[in-house]
Amino acid sequence: MAHHEHRPSETDAASTDLFEPPAWDERYSGEETVWSGKPNPQLVAEASRLRPGTALDVGCGEGGDVIWLARHGWRVTGADFSANGLARAARNAEAAGVADRTEWWQVDARTFAAEGRSYDLVTTHFLHPPGGGMVDVTRRLASAVAPGGHLLVVGHAPSEAFSHLAASRHNALFLAAELLPALPDDFEALVIEQRPRTVVRDGTTVEIEDSTLLARRVQ
Ligand SMILES: C[S@@+](CC[C@H](N)C(=O)[O-])C[C@H]1O[C@@H](n2cnc3c(N)ncnc32)[C@H](O)[C@@H]1O
């Protein structure tokens, strides 16, 4: 994610705090912008090929992807477990002139239930729940995809580039193929890739991989 501000190293306590809302609320409470505001590259690559409809972005943070989708004709619900993050995202959408195409939903992806809602695109970027929890989160998010709709799950692949993360967070990173067991029978996987990308971190160019799963729910 072009957005990440990577800290040089982490303690285990600071690391596990980031699995819960208070640490993210704290992070989003100041004046400083946390992410770049730019859309994530895999979202742009994949959603550009889709006909706009309704979309859900889980772990939307400051709303960069929500705003990009709204600008490209989607009606978007941004979801996050951080109330401060959602408030920021809503302010950013207002400033971008797309507030009328956006909604906000405070929800924890680890207990996500579609509750009758369905979307033409369900997307999530760089949500790394602990203990390999992304398989379960992917299964939950799949339940919110409308027939004929798409599920896009993107995260960081474990690598040396993330060796500064404490073990609990490094273990939460995943490969696209590891998510396949989460896809219900009526989904077909369209993309299961490790996509290389470079980011500049503290003035140094670092090679990373975006674990990218795109799947379609058959009609
Ligand atoms: C690394 S940031 C990514 C933000 C955004 N998707 C982006 O790519 O810029 C992760 C976001 O997911 C949210 N988050 C983390 N765990 C979550 C969970 N279990 N349920 C919902 N949101 C979560 C955090 O509050 C944060 O905004």
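The values are calculated or read from the model by the stated rules, or taken from the named source; none is laboratory data. Computed from a predicted model, the values in this text were never measured in an experiment. Please note: Cβ atoms are built from the backbone with ideal geometry, for glycine as well, and neighbour counts cover all protein chains shown.
Every residue, every condition in (1) surrounded by fewer than 18 Cβ atoms within 10 Å (Cβ to Cβ); (2) in contact with a strand residue (DSSP E or B) (Cβ under 9 Å, 6 or more places away or on another chain); (3) within 25 Å of Gly149 (Cβ to Cβ); (4) of a type in the set (D, E, K, R), yes or no:
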| position | (1), (2), (3), (4) |
| --- | --- |
| Glu26 | yes, no, no, yes |
| Gly30 | yes, no, no, no |
| Gln42 | no, yes, yes, no |
| Ala45 | yes, yes, yes, no |
| Leu56 | no, yes, yes, no |
| Arg75 | yes, yes, yes, yes |
| Ala87 | yes, yes, no, no |
| Gly97 | yes, no, no, no |
Scan region 80-135 residue by residue and report those that are within 14 Å of the ligand (Cβ to nearest atom) and of a type in the set (Phe, Trp, Tyr). Phe81, Trp104, Trp105, Phe112, Phe126
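Listed residues Arg169, Arg197, Arg139; which is within 20 Å of Val44 (Cβ to Cβ), under 18 Å from the mean Cα position of the chain (by Cα) and of a type outside the set (S, T, N, Q)? Give the steps one after another, and end with the answer.
Working: Arg169 fails: within 20 Å of Val44 (Cβ to Cβ); Arg139 fails: within 20 Å of Val44 (Cβ to Cβ).
Of the residues listed, the single one that is within 20 Å of Val44 (Cβ to Cβ), under 18 Å from the mean Cα position of the chain (by Cα) and of a type outside the set (S, T, N, Q) is Arg197.
Pick out the one residue from Gly64, Gly85, Gly78 that is touching a residue at least 60 places away in the same chain (Cβ under 8 Å), closer than 19 Å to Leu152 by Cα and under 17 Å from the mean Cα position of the chain (by Cα).
Details: Gly85 fails: closer than 19 Å to Leu152 by Cα; Gly78 fails: touching a residue at least 60 places away in the same chain (Cβ under 8 Å).
After ruling out the rest, the residue left standing is Gly64.
Is it the case that region 147-163 has a residue that's at pLDDT 95 or above and acidic (Asp, Glu)? Walk me through how you get there before you give the answer.
The initial filter retains those residues of region 147-163 that are at pLDDT 95 or above, namely 147-157.
In the following step, the residues that additionally are acidic (Asp, Glu) were identified as none.
No: region 147-163 contains no residue that is at pLDDT 95 or above and acidic (Asp, Glu).
With the condition being touching a residue at least 40 places away in the same chain (Cβ under 8 Å), crowded, with 17+ Cβ neighbours inside 10 Å and among the aromatic types (Phe, Trp, Tyr), I'd like the strands (runs of 3 or more DSSP E) fully within region 123-219 carrying at least 1 qualifying residues. Give the steps one after another, and end with the answer.
Values: elements: 145-156, 187-201, 204-217.
The strands (runs of 3 or more DSSP E) meeting that bar are 187-201.
How many residues are in a loop (DSSP other than H, G, I, E, B) and within 7 Å of the ligand (Cβ to nearest atom) when one looks only at region 41-66? If you could, list the steps in order and put the result at the bottom.
As a first pass, look at region 41-66 and keep what is in a loop (DSSP other than H, G, I, E, B): 48-53, 59-63.
Next, from what is left, pick out any that are within 7 Å of the ligand (Cβ to nearest atom): 59-62.
Matching residues across region 41-66 total 4.
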